[in-house]
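Taking it in order: structure first as structure tokens, then the write-up.
The values are calculated or read from the model by the stated rules, or taken from the named source; none is laboratory data. The shown structure was predicted, so the numbers you read here are calculated from the model rather than taken from an experiment. When we count neighbours, we look across all protein chains shown, and the Cβ atoms used for this are built from the backbone with ideal geometry, even at glycine. These area figures cover heavy atoms from the full protein model, side chains too; ligands, DNA and RNA do not enter into them. Shrake-Rupley method; radii C 1.70, N 1.55, O 1.52, S 1.80 Å.
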Amino acid sequence: MKIIVLVKQVPDTYGERTLDPTTGWIDRAGSDAVIDEIDERALEVALSYKDAHKGTEVVVLSMGSKAVTVGLRKGLAMGADSAVHVLDAALEGADAGWTAAAIAAALTSTGFDLVIAGNESTDGGGGVVPAMVAEHLGLAHMTFLESVDISADQVAGERATGQGTLRVHASLPAVISITENLPEARFPNFRGIMSAKKKPFRVASLGDLGIDPAVTFAGVGRSVVLQATKRPARTAGTKIVDEGNAGVELADFLVAGHLI
Amino acid sequence: MSNILALIEVSSNGDLRDSTSSLLAAAARIGSPVAVVVTTPGAGSALVERLGNLGAAQVFLAEIDQGGTLLVAPQVDALAAAVSTLAPGAILTVNSVEGRDVAARLGVRIGAGLVIDAVNLRSEGLTIVATHSVFGGAYTVESTVQGGPMIVTVREGVIEGAADAAVPVVTTVSLTSDASNSAVIDEVIDVVVASTRPGLRGATRVVSGGRGLGSQEKFSLVDQLADALGAAVGASRAAVDAGFVAQACQVGQTGVTVSPQLYVALGISGAIQHRAGMQTAKTIVAINKDADAPIFDIADFGIVGDVFTVVPQLIAAIESRGKK
């Protein structure tokens, strides 16, 4: 079984995240970059399967700037066997469509039985790339899985939606994404960190993957940011200390605002 | 006016989802709404009149037997068929798990650009402009699609108002989806919310509890105030991690983003991750023992005090008003 885990480098949510006002792109220099936590959980799903099934190969794959190297190395230190980095200046500011096309091409060139991603990133939060990748590859997808059961020829799980839960399965190869309901990732240990340096690390450009943007994306719609404006920060209003009557004062406030 | 396709979500028992009205209202802002619905053969005609009342100028019924067994493939095929017959100006889905999956696969199939999680839509000449609320409302971003078709997922419940009622023109097509590249639905465990409380997404009032509630039992205080206000129940990640309440209630960075008229935060410190999910609420009320809790920096009305004394008093005050 060969499992590829898609990882994304995102600005750390523990800091303030900013947009570049001219491009509307995330200002990645403005905050610490980390692997998105949900993707670490996706990697954990693959690594736990590998723990129980010797001979499983786990690959971490990411598209992004040079900075992504750090995150991929962490994935290797956690236990992945190799890494693939799709790196190309033409992908700067790529929308979900370009991203999915590049990832799908990299997956095809790497070969796989199962692709696991996080359900949605903490920065863009679109949650569409896994299903787009599946469509490119002509495969089944199951996104937002709350549980995952991998067997030799299929993957099953429960899929959470706002309206309830579905029990679903798909034959392999397939593309899945998982939610925060799955276990937290392990920490890399010292041995893992040392061995990570010796593991295969492939860097692929669009040309290596057979993509020429002018040809591949001719006539394809591309989402573009027209304008990004920072909202004025919220300011504090009335603040009182309860002296025995605060519940009533709050009721009065709600009445005054026609909220009750 | 160009046709705007709106993929209507239907529940497993064949009813229109609550998202229908606001999605058709969104479509009406930028063109002539076409409701696209996947139904089992013969079941769609029962929905036509209601879709017309909610503003659908046309109804495109895709009769597909596999609607309940294949994961989103029937919906993608229905929209693809509607795109080829109706040459729409844009295609809208709800920004739900299902709606995003459909948008994703359809986008690749027809070479469209995706605009995700729009909170508003408008036309500027021939361009459709979508507005987004990014990083929990810290930024307002406007976007569009250039060079090809446009698919927009619309945040549930944020577009207010309703489209004008119409008597829809109905098109019915019969389709079969390719089962070889779709996941299979084995069972629908439709969590029917037992209470009559509104759902968190799209709620106009939300009462959330944090770690300050102390335990799962004591978290019922949040339920009580929510019921007194007719509000949905939310929670901070700390409360979810502590096991006080289900993960589906989590408001914030990694949970649900809400923009209600009223947000009441009980025992929530207001970490940046939580604020990202609620700071676009019109009015924010916070009650917390800790006078330095960051939630007070964004609260319109903050009370430094014990939730277990203030909230019962508030509920009593609300109930006594109700009796007057």
Item to check | Förster radius 41 Å - calculated FRET efficiency between A:Asp81 and A:Thr22 (Cβ-Cβ, nearest 0.05) | outcome: 0.50
Item to check | Where chymotrypsin sites (Phe, Trp or Tyr not before Pro) in DSSP loops with at most 16 other Cβ within 10 Å are excluded, longest remaining stretch of chain A | outcome: A:26-260
Checklist outcome for this item: Under 5 Å from the placed amide H of A:Ile260, counting only residues 5+ away or on other chains, we find A:Val255
Checklist entry - Which net charge results when you count Lys and Arg as +1 and Asp and Glu as -1 among the other residues whose beta-carbon is under 10 Å from that of A:Pro188? => result +4
Checklist outcome for this item: Here, GluC sites (Glu not before Pro) of segment A:1-61 satisfying both criteria (DSSP loop; at most 11 other Cβ within 10 Å) are none
Item to check | Tilt relative to chain B, helix B:307-323 - C-alpha long axis, 0 to 90 degrees, to 10 | outcome: 70 degrees
Checklist outcome for this item: Calculated from DSSP helices alone, with each H run of at least 4 adding -39500 (n - 2.57) and the total divided by the residues of chain B, [θ]222 nm to the nearest 500 comes to -7500 deg cm²/dmol
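For a test of the definition: using alpha carbon positions, the gyration tensor, and the 1.5 limit on a/c, classify the protein assembly as shown as rounded, prolate or oblate. Provide the component values of the computation, followed by the final result.
Numbers: a/c = 1.64, a/b = 1.20, b/c = 1.37.
Since a/c reaches 1.5 but b/c is at least a/b, the shape of the protein assembly as shown is classed as oblate.
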Next on the checklist: If the elastic network links every pair of Cα atoms under 10 Å, which of B:Ala46, B:Ala82, B:Ala162 fluctuates the most in the Gaussian network model of chain B?
Outcome noted: B:Ala46
Next on the checklist: Please compute the contact order of chain B in relative form: average sequence separation of alpha-carbon pairs under 8 Å and at least six residues apart, divided by the residue count, as a percent.
Outcome noted: 15 percent
Item to check | Selected from B:Asn13, B:Asn120, B:Asn288 as most flexible by GNM, with chain B as the system and alpha-carbon contacts under 10 Å | outcome: B:Asn13
Checklist outcome for this item: Checking segment B:120-207 for GluC sites (Glu not before Pro) in a loop per DSSP with at most 14 other beta-carbon atoms within 10 Å yields B:Glu160
Checklist entry - Toward the positive end of the charge dipole of the protein assembly as shown, about the Cα centre and with charges on Cβ (Lys, Arg +1; Asp, Glu -1), which of B:Ser269, A:Val68, B:Leu175 goes farthest? => result A:Val68
Item to check | Shape call, segment B:205-323: gyration tensor on alpha carbons, a/c limit 1.5 | outcome: rounded
Checklist entry - Residues with beta-carbon under 13 Å from that of B:Thr176, excluding B:Thr176: net charge, scoring Lys, Arg +1 and Asp, Glu -1? => result -4
Next on the checklist: Please compare each pair in A:Lys230/B:Lys289; A:Lys8/B:Lys218; A:Lys2/A:Lys66; A:Lys2/A:Lys198; A:Lys2/A:Lys74; A:Lys66/A:Lys199 to a cut-off of 29 Å on the Cα-Cα distance and tell me which ones are over it.
Outcome noted: A:Lys230/B:Lys289; A:Lys8/B:Lys218
Checklist outcome for this item: Helix B:220-229: inclination vs chain B longest Cα principal axis, degrees, rounded to 10, gives 70 degrees
Checklist outcome for this item: Taking the dipole of the protein assembly as shown about the Cα centre (Lys, Arg +1; Asp, Glu -1; charges at Cβ), the one of A:Thr143, B:Ala163, B:Ser32 that reaches farthest to the positive side is A:Thr143
Checklist entry - Where in segment B:202-261 are there trypsin sites (Lys or Arg not before Pro) that are in a DSSP coil and have at most 16 other Cβ atoms within 10 angstrom of their Cβ? => result B:Lys218
Item to check | Principal-axis tilt of helix B:73-86 within chain B, Cα atoms, nearest 10 degrees | outcome: 60 degrees
Item to check | Accessible area of B:Ile268 in the full protein assembly, 1.4 Å probe (Å², nearest 10) | outcome: 10 Å²
Next on the checklist: Suppose every Lys and Arg Cβ carries +1 and every Asp and Glu Cβ carries -1, with no other charges. What dipole size does chain B come out with about its Cα centre, to the nearest 20 debye?
Outcome noted: 720 debye
Item to check | Cut-off 12 Å between beta-carbons: net charge of the residues surrounding A:Val203, Lys and Arg +1, Asp and Glu -1 | outcome: 0
